[in-house]
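The structure appears below as structure tokens.
The values are calculated or read from the model by the stated rules, or taken from the named source; none is laboratory data. Since we're looking at a predicted model, the values are computed, not measured. Every residue, glycine among them, receives a Cβ derived from its backbone with ideal geometry; neighbour counts consider all protein chains shown. The protein model used for the area step is the full one, side chains on, heavy atoms only, and it has no ligands, DNA or RNA in it. Shrake-Rupley method; radii C 1.70, N 1.55, O 1.52, S 1.80 Å.
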Amino acid sequence: MSSPDSTGSLARRHLTEWTWFLIALGAVLRFQGLDWDRGMVLHPDERNLANAAALLAFPEALVPQFHAYNGLALYLPRLLAELISPLTGREGGSVAAIVFAGRLLSAFFATLTLPILWSAARRSLGMEAALLVVACAVFAPALIQSAHFATTESGLILCLAVLIWLSVRQAAGVLELKSFALLSGVALGFAFGLKTTALALAIIPATAIIGVARSQGRFWSAAKAAAISALLAVAMGLATTPQIWADPQAYFTTMRFESGVVWGSKDVFWTYQF
């Protein structure tokens, strides 16, 4: 007859095994069929991003002349395209190669999101709920679809999941406030390096830090943590998106236009299209 402890350990092991099976299945769903358009680059956002990345050259043209996305959205796929060029048979600077590399990155980010979501849910909700969370994420059509496009959605979702995971660990006392601030700043800086709208994700670490100040009375520590996180995110943002300081007028003009599209003050055809 099994003891309660051994039965519980067996159940946890089975839940863990099912979790990793689902994560592996999720990886298959995200990586299979990435060359779905056979290099024709049919997605307009992918084409715009890849056209801009193809113009980058070391060292004479490192500042992108495209501002709808930030630096990392262009640098990462261009660099990966160059690295895997011997394997794909495509020139690293070609638009098709950059798009395929961007899709590989999207699939990788989307896959990495799964264990992070599971870990956050396991610590806050328990093993059974965490299995349900990861199952929903694995089979979510929108998450699978975004993994097949060389855009920023998968990367931003990964950063969102990381910030939630860090906040859960900080609230549980596993992560010190200073470490939380540093890691959150890196996650925010990386997210901003993909797209400016990622600044909205700052509400997650800000809420966690405010919670520490209110519940524990550590106001000075919370203020230092907020400053560390903000400064690190800004430093990474400026480093990964040089068009902010190299061509600020063009960058902020684009940001104002994009903001107008979001709020409906700019009438553009793709708003009706989507």
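Taking 26 Å as the straight-line reach from the Cα of residue 266, the lysines in range (excluding those fewer than 8 positions away in the same chain) are 195. Applying 1/(1 + (r/R0)^6) with r as the Cβ-Cβ distance of residue 179 and residue 55 and R0 = 51 angstrom yields a FRET efficiency of 0.85.
Per residue, the accessible area of the range 2-156 comes to 50 Å² when a 1.4 Å probe rolls over the protein heavy atoms.
From the square roots a ≥ b ≥ c of the eigenvalues of the alpha-carbon gyration tensor of the range 174-274, which class results: rounded (a/c under 1.5), prolate (a/b over b/c), or oblate? Judged from the Cα gyration tensor, the range 174-274 comes out prolate (a/c at least 1.5, a/b above b/c).
Springs join every pair of Cα atoms under 10 Å in this Gaussian network model of the chain, and among 91, 258, 60 the largest mean-square fluctuation is at 60. Most mobile of 263, 36, 118 per a Gaussian network model of the chain (Cα springs, under 10 Å)? Sorting by GNM fluctuation, first place goes to 263. Measuring nothing but protein heavy atoms, the accessible surface of the range 39-99 at 1.4 Å probe radius is 64 percent carbon and sulfur. Only Cα pairs under 8 Å and 6+ residues apart enter the sum, and on that basis the relative contact order of the range 1-122 stands at 28 percent. Taking 213, 135, 150 in turn, the Gaussian network model of the chain (Cα-Cα springs below 10 Å) assigns the largest fluctuation to 213.
A Förster distance of 45 Å, applied to the separation of the beta-carbon atoms of residue 238 and residue 18, puts the FRET efficiency at 0.55. The relative contact order of the range 92-159 comes to 47 percent, based on Cα pairs under 8 Å that sit 6 or more residues apart. Span-like helix check, the chain: qualifying full DSSP H segments, with Cα axial length of 20 Å or more and mean Kyte-Doolittle of 1.0 or more, are 95-125, 153-171, 177-194, 219-240.
Element breakdown for the range 102-239 at a 1.4 angstrom probe: carbon and sulfur atoms account for 73% of the accessible area. Shown is the FRET efficiency for residue 83 and residue 9, computed with R0 = 51 Å from the Cβ-Cβ distance and rounded to the nearest 0.05: 0.75.
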